[in-house]
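Below is one structure, written out as structure tokens, with a few remarks after it.
The values are calculated or read from the model by the stated rules, or taken from the named source; none is laboratory data. It should be emphasised that the depicted structure is a prediction, and the values quoted were computed from it without experimental measurement. All Cβ positions, glycine included, derive from the backbone under ideal geometry; neighbour counts span all protein chains shown.
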Amino acid sequence: MQPIDLTRDGTRLAVVGAGRLGTAVVGALESQPQFEMVGPLGRGAETAGCDAVLLCVPDREIAAAAAAIQPGPIVGHCSGATGLEPLAPHEAFSVHPLMTVTGSGADFSGATAAIDGSSNRAMEVARLIANALEMEVVHIAPGNRVAYHAAACIASNFLVTLEAAAERLAATAGVTRQMLAPLVRATVENWATLGPEGALTGPVARRDEVTVAKQRAAVAERTAEFLPLFDALTAATRELAGASPR
């Protein structure tokens, strides 16, 4: 295969996987002159004549989806935790959007894309896709991928789990998710702007152990299943508060 001319418009890119991410990527790129989009395709679909193929499939299915592609195109995936090994023997790349994609789609602009490539050419394909999506680019080395993805899960998935716990306890007092939402949004913005120490508020940060004890008793009475979570987060917050100047 001849090297892809990344300066020309119309690089032929196939997307395999018609789920949320694959559909959103195609929707975002199909109006971009850099690409001639193909798909989203089902797994095992014909990709002959394509310059590159991007697999938007679950992590456990990457290797099988890559094996179904005939040699020729550069092949990439969108997994955060997976290295390039499942794409062998293809020239390989990865582009992981550091954001969530819902059923209503996604606006990729301004978010970060974690990329990697098995060659300079593969890396440039990953960068071309990220730039066309108007994303910031960061290269995550193979040895850092799992730690990177774990951090992303803590920041996103675990936050949802935490808010679910808060929502359930709040409901026992007649407070709804919608009432909590402005507090959550303001907290996230403060964390992004000020950092964790600057954004931290509340009785633990004030070292008000009387109030913390009352809160713990309420959690134990109303949502006892969350008591271990409350205790673990209280301990972690004490440590964070101890590191901040007060």
Problem set entry | the range 132-149, subset without any contact (Cβ under 8 Å) to a residue 40 or more places away in the chain and part of a helix (DSSP H, G or I), residue surrounded by the most Cβ atoms within 10 Å (Cβ to Cβ) | 144
Problem set entry | Conditions (1) part of a helix (DSSP H, G or I); (2) out of contact with any helix residue (DSSP H, G or I) (no Cβ under 7 Å at 6 or more places or on another chain); (3) not hydrophobic (A, V, I, L, M, F, W, C); number of the one not met by residue 197 | (2)
Problem set entry | Candidate set from the range 151-191 (those that are within 20 Å of residue 100 (Cα to Cα) and touching a residue at least 40 places away in the same chain (Cβ under 8 Å)); member that is surrounded by the most Cβ atoms within 10 Å (Cβ to Cβ) | 152
Exercise. Being within 27 Å of the chain's Cα centre (by Cα), outside any helix (DSSP H, G or I), surrounded by 11 or more Cβ atoms within 10 Å (Cβ to Cβ) and not β-branched (Val, Ile, Thr), is that true of even one residue in the range 200-207?
Worked result: yes
For this session: Report, by residue number, each residue of the range 83-105 that is under 13 Å from the mean Cα position of the chain (by Cα) and more than 17 Å from residue 137 (Cβ to Cβ).
Result: 100, 101, 102
Seminar exercise, completed: Over the range 54-82, the set of residues surrounded by 17 or more Cβ atoms within 10 Å (Cβ to Cβ), of a type in the set (Gly, Ala, Ser) and in a loop (DSSP other than H, G, I, E, B) is 79, 80
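Of all residues in the range 203-229, which are of a type outside the set (A, V, I, L, M) and in contact (Cβ under 8 Å) with a residue 60 or more places away in the chain?
Taking the range 203-229 as the starting set, the residues that turn out to be of a type outside the set (A, V, I, L, M) are 203, 206-209, 211, 214-216, 221-223, 225-226, 228.
Passing the criteria: only 226.
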Exercise. Failed condition for residue 115, given (1) at pLDDT below 95; (2) in a strand (DSSP E or B), with all others met?
Worked result: (1)
